[in-house]
Amino acid sequence: MFDLNGKTALITGGGRGLGLEMAMALAKAGAWTVINGRNKQSLEETRERLARDAVAIGIAPGDITQDAGAILAEATGKTGQLDILIHAVGERDRRGTEAMEPAEFAQLLNTDLTAAYAVARAALPLLKRSAAGRLIFVTSIAAFAARAGDPAYTAAKGGLSALTRSLAVELGADNLTVNAIAPGWFATETNAHLAADPALQAFIEVRIPLKRWGRPEEIAPAAVFLASPAASFVNGITLTVDGGMTVQM
């Protein structure tokens with residue numbers, strides 16, 4: 001039910017953090033997995049490091065918000081197909097409403113929401129040709145739980161979850177499922193300084209029922225599940241992986 005042999009997957013933003021964890025998991029489940037990111041040298045170094053651990057992946061460097069067509073062509077060059085697309089690209093600007101100009105707000109929405117739509121649209125011809133296409137967006141618990149001083153990111157991720165539902169309804173007839181993953185607080189490289197902060201740890205112990213940060217590898221099973229035959233009748237959901245943070249009052 002979780003076998004991905006014979007599948008081709010592309011993970012945008014897959015060069016590090018949660019995107020890389022998902023990419024490694026899909027590769028270990030049997031998919032030919034290609035990671036995308038802007039830094040070609042970093043992607044090559046990641047590919048070489050994983051090869052030493054007997055994990056084979058491909059790379060498709062480039063800015064997915066501008067070069068989606070070329071990146072998709074590179075990603076599918078080996079197999080001529082695309083069965084799974086996980087879009088994990090995103091940026092954050094933690095400024096409140098009075099500090100953020102409308103043009104800056106629009107720019108973040110363009111990066112985190114409009115670009116996701118553009119990438120999905122570009123990939124549709126390939127995904128529709130798959131016997132069981134999977135489109136998976138990486139959103140955030142910010143899609144349905146807000147923090148002060150974070151309006152643009154919250155709006156973008158809320159829109160991404162809404163886009164997930166809309167595309168799931170539109171594309172289901174093509175045997176293409178569309179779902180999202182909403183990570184909570186994960187101790188990635190980017191968040192390492194926060195995870196080491198004792199004051200913030202006290203907050204985590206109060207707000208997260210499991211009383212700890214998520215380990216990056218704990219996002220991977222959600223991706224494998226949604227990409228696999230096990231999720232063949234799962235469509236239009238946002239799967240939250242947050243240790244229970246958003247369900248606790």
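Structural remarks
- Label positions at Ala73 and Ala118, each projected 7 Å from the Cα along the C-beta direction, are separated by 1.7 nm.
- Segment Arg129-Glu98, extension gain: residue separation times 0.36 nm, minus the distance between their alpha carbons: 6.5 nm
- For the range 107-227, the residue among Pro183, Val119, Ala148 whose Cα projects farthest onto the positive side of the dipole built from Cβ charges is Val119.
- Amide hydrogen proximity for Trp213: with H placed 1.01 Å from N in the peptide plane, no residue at 5 or more positions away or on another chain lies under 5 Å.
- Of the peptides 20-27, 234-241, the order by per-residue mean of other Cβ atoms within 10 Å, starting with the highest, comes out as 20-27, 234-241.
- For the range 103-122 versus the range 1-27, the gap between their alpha-carbon centres in whole angstrom: 22 Å
- For Leu239, the residues whose modelled amide H falls within less than 5 Å of its own, excluding neighbours fewer than 5 places apart on the same chain, are Ala180, Ile181, Ala182.
- Backbone N atoms of the range 1-30 closer than 18 Å to the 7 Å Cα→Cβ label point of Asp63 belong to residues 12-15.
- Ellipticity at 222 nm from helices only: DSSP H runs of n ≥ 4 in the chain, each -39500 (n - 2.57), divided by the residue count, give -12000 deg cm²/dmol.
- For Lys7, distant residues with modelled amide H under 5 Å away: Trp32
- Choice from Pro216, Pro125, Pro183 with maximal GNM fluctuation in the chain (Cα, 10 Å cutoff): Pro125
- Dipole in debye (nearest 20) - the range 92-249, about Cα centre, beta carbon charges: Lys, Arg +1; Asp, Glu -1: 380 debye
- Comparing Gly37, Gly77, Gly214 in a Gaussian network model of the chain where C-alpha atoms under 10 Å apart are linked, the largest mean-square fluctuation is found at Gly77.
- Each peptide in 41-53, 129-141 gets a packing score, the mean of other Cβ atoms within 10 Å over its residues, and the list from highest to lowest is 129-141, 41-53.
- Listed residues Ala220, Ala230, Ala142, most fluctuating in the chain (Gaussian network, C-alpha, under 10 Å): Ala230
- Here the chain exposes an accessible surface that is 54 percent carbon and sulfur, computed with a 1.4 Å probe and the other protein chains kept in place.
- Full extension of the segment from Lys211 to Glu44, taken as 0.36 nm per residue of separation minus the current Cα-Cα distance, would add 56.5 nm.
- For the range 148-166 versus the range 178-201, the gap between their alpha-carbon centres in whole angstrom: 18 Å
- Surface per residue (accessible, 1.4 Å probe) for the chain, Å²: 48 Å²
- Estimated inter-spin distance, Ala230 and His193, nm [label 7 Å along Cα→Cβ]: 3.7 nm
- Of all beta bridges that DSSP places with both ends in the chain, some 0 percent have antiparallel geometry.
The values are calculated or read from the model by the stated rules, or taken from the named source; none is laboratory data. Here the structure is a predicted model, which means the values were calculated and not measured. Cβ: placed from backbone, ideal geometry, glycine included. Neighbour counts: every protein chain shown. Please note that ligands, DNA and RNA were not included when accessible areas were found on the heavy atoms of the full protein model with its side chains. Shrake-Rupley method; radii C 1.70, N 1.55, O 1.52, S 1.80 Å.
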